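Taking it in order: structure first as structure tokens, then the write-up.
Computed from the coordinates by the stated procedures, all read-outs in this text should not be read as laboratory data. The structure displayed is predicted, hence computed values, not measured ones. As a convention, Cβ positions derive from the backbone with ideal geometry for all residues, glycine included, and neighbour counts pool all protein chains shown.
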Amino acid sequence: MKTGDIARRSRTVTARDIELFTEITGDRNPLHYDQQLAEQSRFGRIIVQGGVTSGLLNAVVAEDLPGPGTVFLETHWRFLAPCRPGDTITGHVEVTSVREDKPITTLDTRVVRGDGVVAIEGTAVCWTMDLGPPDAIGHGR
């Protein structure tokens with residue numbers, strides 16, 4: 001891994017994502033469930049939780065770059081625009097620095113909706129532990 005390396009991952013968010021996130025966290029904000037209230041809000045319709053949107057960055061970091069064995073040490077994210085059920089979102093990460101003395105990388109991060117609007121942008125610092133030799137599916141042990 002080196003400065004300038006890039007990874008992306010896309011998915012379409014669904015109403016089921018809202019339900020699953022609520023099951024995990026207990027976040028029952030009416031902006032995620034009440035169509036009438038959401039229509040009267042600045043968002044104009046139902047939105048997915050920010051954790052659903054930023055969760056795509058977890059997947060990019062853990063699965064793609066830096067990859068398996070990676071955890072966040074620090075994140076600084078600005079939530080700039082909502083995502084809604086049916087939106088296809090793409091998480092982007094770019095390596096901006098790699099420490100020589102420790103397995104720590106700094107990343108520029110963003111999530112972009114299918115219409116080109118940036119929903120989240122910011123930075124992340126990650127630690128990647130060595131998982132050993134890859135197993136049959138490409139992950140370390």
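Brief remarks on what is shown
- Helix-only mean residue ellipticity at 222 nm for the chain, each DSSP H run of n ≥ 4 adding -39500 (n - 2.57), per residue, nearest 500: -5500 deg cm²/dmol
- Centroid-to-centroid, using Cα positions, region 28-98 and region 109-125 are 8 Å apart.
- Once the C-beta distance of K102 and E63 is scaled by a Förster radius of 25 Å, the resulting FRET efficiency is 0.70 to the nearest 0.05.
- Positive end of the dipole of the chain (Cβ unit charges, origin at the Cα centre): among V60, Q40, V111, the Cα lying farthest that way belongs to Q40.
- In this structure, D34 and F72 have a Cβ-Cβ separation that, at R0 = 41 Å, corresponds to a calculated FRET efficiency of about 0.80.
- Normalised by residue number, the volume inside the convex hull of the Cα atoms of the chain is 119 Å³ per residue.
- Each listed q (0.16, 0.17, 0.28 Å⁻¹) maps to a log10 I(q)/I(0) for region 1-69 from the Debye sum over equal C-alpha point scatterers, namely -0.65, -0.70, -1.21.
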